[in-house]
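Worksheet: the structure to be examined is printed underneath.
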Amino acid sequence: GRVNLMGECTKLPREDLEAAKAAYQKKHPGAFWINFGDFNWFRMDIQKIRFVGGFARAGSVTPEEYKEASPDPISEFGMHIANHMNEDHMESTIAMIAQQIPGLDVTEAIITSVDSLGMYVKVKRTPRASDQPQQFKLRLPFPRPALDRKDVKMVIMEMTNAAAAATASASSTEE
């Protein structure tokens with residue numbers, strides 16, 4: 001997704017330049033270009049904010065809401081979790097999907113992102129009434145918000161265990 005910030009930009013006054021340079025260099029220590037004579041500093045007075053997250057996912061927030069928001073605590077390492085799950089535990093992801101969405105028989109499940117509330121998964125399936133494979137993304141929510149890396153592991157283990165128990169229960173009922 002992306003965020004579009006709309007507002008009015010004004011050139012920074014001389015008295016604010018050193019503070020702006022220091023803040024920028026803290027984030028970008030190798031930014032030698034900030035001392036070029038044609039490098040200018042601007043401040044934006046944000047008036048509108050628009051989130052565009054892809055198909056059917058868009059909305060607006062106020063500048064105040066945006067200022068108060070904080071990054072999802074899991075986003076910093078979510079891709080590491082996704083990669084590990086994709087490389088070593090795809091069968092667990094498939095089982096979690098089968099348990100949460102009965103009847104959706106997927107043959108491949110690739111986690112594309114993980115956050116504190118769940119994960120997005122790109123799945124592949126071939127419907128029973130067709131020989132044409134389908135690929136689409138779905139949201140696999142966590143049963144509760146995850147607080148940190150260890151908690152994400154615990155939540156995924158809980159979901160995997162619940163899926164295994166549901167599969168075992170279904171197998172014993174069929175017999």
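The values are calculated or read from the model by the stated rules, or taken from the named source; none is laboratory data. Worth saying up front: this structure is predicted, and the values here are computed from it rather than measured. Here Cβ is always computed from backbone atoms with ideal geometry, including for glycine, and neighbour counts include all displayed protein chains. Please note that ligands, DNA and RNA were not included when accessible areas were found on the heavy atoms of the full protein model with its side chains. Shrake-Rupley method; radii C 1.70, N 1.55, O 1.52, S 1.80 Å.
State whether the range 2-83 is rounded, prolate or oblate according to the following rule on the C-alpha gyration tensor (a ≥ b ≥ c being the square roots of its eigenvalues): a/c under 1.5 gives rounded; otherwise a/b larger than b/c gives prolate, and the remaining case gives oblate. Don't skip to the answer; put the middle values down first.
Details: a/c = 2.48, a/b = 1.44, b/c = 1.72.
Judged from the Cα gyration tensor, the range 2-83 comes out oblate (a/c at least 1.5, b/c at or above a/b).
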Inter-label distance, nm, simple model (7 Å from Cα along the C-beta direction), Thr112/Thr10: 4.2 nm
Gyration tensor verdict on the range 94-153 (Cα atoms; rounded if a/c is under 1.5, prolate if a/b is larger than b/c, oblate otherwise): prolate
Degrees separating the helix 78-88 axis from the principal Cα axis of the chain, which is the longest one: 30 degrees
Placed amide H near Leu12: partners under 5 Å, 5+ positions off or other chain: Trp41, Phe42, Arg43
Å³ per residue enclosed by the Cα convex hull of the chain: 188 Å³
The range 1-125, relative contact order in percent, only Cα pairs under 8 angstrom and at least six apart counted: 21 percent
Cα-projected label distance for Leu138 with Phe39, points at 7 Å along beta-carbon direction, nm: 5.0 nm
Glu108 long-range amide H proximity, modeled H, under 5 Å: Lys124
Whole-number accessible area per residue in Å² for the chain, which is evaluated in the context of all protein chains at 1.4 Å: 70 Å²
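Let me know the charge dipole size of the range 56-175 about its Cα centre in debye, to the nearest 20, where only the beta-carbon of Lys, Arg (+1) and Asp, Glu (-1) is charged.
On the way: 12 positive and 17 negative charges, 53 e Å.
Dipole of the range 56-175, to the nearest 20 debye: 260 debye.
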Length gained when the stretch Ser130-Ala31 is fully extended (0.36 nm per residue, less Cα-Cα span): 30.1 nm
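Keeping all protein chains in place and using 1.4 angstrom, which order do His84, His89 fall into by accessible surface area, from largest down? Let's see the in-between values first.
Numbers: His84 85, His89 60 Å².
The ordering from most to least exposed comes out as His84, His89.
With +1 assigned to the C-beta of every Lys and Arg and -1 to the C-beta of every Asp and Glu, and no other charges, what is the dipole magnitude of the range 1-42 about the Cα centre in debye, to the nearest 20? All intermediate terms of the calculation are to be shown ahead of the outcome.
On the way: 6 positive and 5 negative charges, 43 e Å.
Here the size comes out at about 200 debye.
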Val3 versus Ser70: modelled label distance in nm, points set 7 Å from Cα along the beta carbon direction: 1.5 nm
Per-residue ³J(HN,Hα) for the range 13-26, Karplus 6.51 cos²θ - 1.76 cosθ + 1.60, θ = phi - 60°, Hz, x for Gly and Pro: x, 3, 5, 9, 5, 5, 5, 5, 4, 4, 5, 5, 5, 5
